[in-house]
Amino acid sequence: MSISVWLWLVAAVLLVAGLLAWRREARGGTRWLLRGVGTVLVLVALGLAGLGGLLRQYAWLFEDVPAASISLRQLAPQRFEATLALGDQPPRTFELLGDEWQLDARVIRWTLPGQLAGLRPVYRFERLSGRYGDPKQELAAARSVHDLRGDWDFWEFRQRWLATLPLADARWGSAAYLPMLDGATYQVYISPRGGLVAKPADAATEALLDQAGW
């Protein structure tokens with residue numbers, strides 16, 4: 001369980017204990033002592049619950065957020081079928097040529113006040129392409145590039161309406177790539193700093209990477 005869940009569980013126990021202390025029958029000074037203890041327990045419980053909510057809300061400031069997944073099936077030497085899922089969109093299938101896949105995106109990162117207000121990095125995937133491990137082959141061999149841009153361009157909106165606001169910290173292009181291996185599945189994340197990070201999605205893919213020398 002996450003730290004937030006543990007904090008909420010402890011808060012629940014303390015809250016119950018505090019309410020029981022308040023409701024317990026006693027006389028004289030003992031009664032007021034129990035109510036004092038109950039009040040402290042309730043206040044601590046509320047504080048822990050609030051801290052748990054804060055940690056859960058801002059966990060993304062320290063953790064990579066899943067943004068896409070890609071699975072590969074080899075069709076021929078240096079020719080693969082890639083199944084790409086972007087966020088909640090239905091998976092799409094593309095043919096890629098080469099030794100490695102590459103996913104490109106444009107990213108807007110917000111200033112710290114914007115991040116604390118709950119604004120995560122905004123990104124738009126631009127293209128999925130295949131690349132060759134040998135730069136010389138990259139110059140002469142057939143290329144495979146697929147356009148992933150949607151109809152609505154957030155960057156156009158940002159240029160027109162957000163350019164004068166001090167919320168946008170930086171904007172740049174980011175890319176992630178890893179080798180194309182038959183049966184491999186990768187997860188692509190957006191980091192808190194606004195960059196793309198690709199990782200093997202399972203132990204089988206990790207083993208394939210080890211065998212390939214990555």
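Of the numbered criteria (1) farther than 24 Å from A203 by Cα; (2) modelled with pLDDT of 95 or more; (3) more than 25 Å from the chain's Cα centre (by Cα), the one H146 fails is (3).
Within segment 130-138, the presence of a residue that is modelled with pLDDT of 80 or more, in a strand (DSSP E or B) and surrounded by fewer than 18 Cβ atoms within 10 Å (Cβ to Cβ) is excluded.
The values are calculated or read from the model by the stated rules, or taken from the named source; none is laboratory data. Bear in mind that the values here come from a model prediction, so they are computed numbers and not experimental data. Using ideal geometry, Cβ is built from the backbone for each residue, glycine included, and neighbour counts are taken over all protein chains shown.
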